[in-house]
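Heads up, the thing below is written out as structure tokens.
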């Protein structure tokens, strides 16, 4: 069944896969309301909420590189567990949060946990997969998370429709419970190998002098910024700017997660033979198209605007399923094994930087009407497209084709340069 959907055989990794699924259901409940929750349960303004999230992300930025070194020394599992625990504690504290300072403080804790989780997650995926099948693994786990997000999104849609503080609090409680269950499952996951005493001097210098990887980082930053639109721009745009019913936000999120959950493997399978940098170029073109569609909804009636927003979410999701697996595979394969923790921490830094800039920037743009936010995201997509072309010329792994089969020992990928 998994093979027909374009996914890998799970084998002995069932507990890890199950933990990722449980975590995703809880996260899916909260993600569509991550800004709306505080607007309903506190007296904070949209700009204050966005500012607190951005400030927390800014404060947490140095943690990513530090955690990369920790992963290389002690292995990814312990860092993954710590990240899961921190997020559970932070979300539990959200139930008592009612001020800008408290929101900033506990969002720092959540952000540190998320940084630890994602900074170690890629290392584990790289360890349980082999070159040639990594698009499959990153695609499969991304799809699994999105199925969980879809289930959680249904609950969040109910909470948004009810609209009471109690309904929103129930969303947070569900997320906290999911972190506890996932933590228990991850305890049984075998530890990954660590480099330990084999760490070279000046390891971060090696990472930072890797010019092709710096270009990959910039490409990742553009992709990550576009990916922030689903959780931070679309819900507020639909409910506040367009005045659409609350169920529309839940529907947008559910469409996205169902498409990724059930279509990601098929898309990865269809990518076989495609050149990676060209996939990333197409990703940014599709994102740009979705932003144009979203902008067009601002001049329509509520009924038509609802339909256009839903269509825009479908187009947007096509960009996500194209770019996600290729970015994941490239990030892992272009990093040397003994420094993969640091290399992937650099990629996580791109996500964190996007998470720092996007909340306050998107809030500022949304307060100025419909057009500014989508013109800004169009510019991001254009930059991402140009970077993808340069990446194809600079990084051999980016010029290789997607094979979706395990590489033979000593085998070399077939590469095609950009231009």
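The values are calculated or read from the model by the stated rules, or taken from the named source; none is laboratory data. Owing to the predicted nature of the structure, the values given are computational and were not obtained by experimental measurement. Heads up, the Cβs are rebuilt from the backbone with ideal geometry, glycines too, and the neighbour counts pull from every protein chain shown.
Output yes when any residue across segment 353-360 is free of Cβ contacts under 8 Å to residues at least 40 places away in the same chain and in a helix (DSSP H, G or I), and no when none is.
no
I'm told residue 103 meets every condition in (1) more than 30 Å from residue 59 (Cβ to Cβ); (2) in contact with a helix residue (DSSP H, G or I) (Cβ under 8 Å, 6 or more places away or on another chain); (3) in a helix (DSSP H, G or I) except one. Can you identify the failing condition by its number?
So residue 103 meets the others, but not (1).
On the given criteria, is residue 294 touching a residue at least 12 places away in the same chain (Cβ under 8 Å), surrounded by fewer than 22 Cβ atoms within 10 Å (Cβ to Cβ) and assigned to a helix (DSSP H, G or I)?
Against the criterion (touching a residue at least 12 places away in the same chain (Cβ under 8 Å), surrounded by fewer than 22 Cβ atoms within 10 Å (Cβ to Cβ) and assigned to a helix (DSSP H, G or I)), residue 294 does not qualify.
Identify the single condition in (1) modelled with pLDDT under 85; (2) under 22 Å from the mean Cα position of the chain (by Cα); (3) farther than 27 Å from residue 132 by Cα that residue 110 does not satisfy, given that it satisfies every other one.
For residue 110, the failing item is (1).
Tell me, which helices (runs of 4 or more DSSP H) wholly within segment 1-78 include 2 or more residues that are over 22 Å from the mean Cα position of the chain (by Cα)?
36-41, 46-60, 63-74
Check residue 395 against each of (1) buried (at least 24 other Cβ atoms within 10 Å of the Cβ); (2) more than 22 Å from residue 49 (Cα to Cα); (3) within 20 Å of the chain's Cα centre (by Cα); (4) at pLDDT 90 or above and name the one condition it does not meet.
(3) is the only condition that residue 395 fails.
Among the residues that make up segment 324-345, is at least one of them within 29 Å of residue 63 (Cβ to Cβ), out of contact with any helix residue (DSSP H, G or I) (no Cβ under 7 Å at 6 or more places or on another chain), at pLDDT below 90 and surrounded by fewer than 24 Cβ atoms within 10 Å (Cβ to Cβ)?
Within segment 324-345, one or more residues are within 29 Å of residue 63 (Cβ to Cβ), out of contact with any helix residue (DSSP H, G or I) (no Cβ under 7 Å at 6 or more places or on another chain), at pLDDT below 90 and surrounded by fewer than 24 Cβ atoms within 10 Å (Cβ to Cβ).
Looking at segment 66-79 only, could you name the residues that are crowded, with 18+ Cβ neighbours inside 10 Å and under 19 Å from residue 355 (Cβ atoms)?
67, 68, 79
Filtering segment 262-284 down to residues that are crowded, with 21+ Cβ neighbours inside 10 Å and within 23 Å of residue 310 (Cβ to Cβ), which residue is modelled with the lowest pLDDT?
Applying the filter and picking the extreme gives 264.
Condition test on residue 348, is it surrounded by 20 or more Cβ atoms within 10 Å (Cβ to Cβ) and either more than 14 Å from residue 228 (Cα to Cα) or modelled with pLDDT under 90 (or both)?
Yes, satisfied.
Kindly evaluate residue 88 against the criterion of being on the phi > 0 side of the Ramachandran plot and surrounded by 17 or more Cβ atoms within 10 Å (Cβ to Cβ).
No: the conditions fail for residue 88.
Go through 251, 305, 285 for me and flag whichever is over 27 Å from residue 36 (Cβ atoms), more than 18 Å from the chain's Cα centre (by Cα) and part of a helix (DSSP H, G or I).
Matching residue, one of 251, 305, 285: 285.
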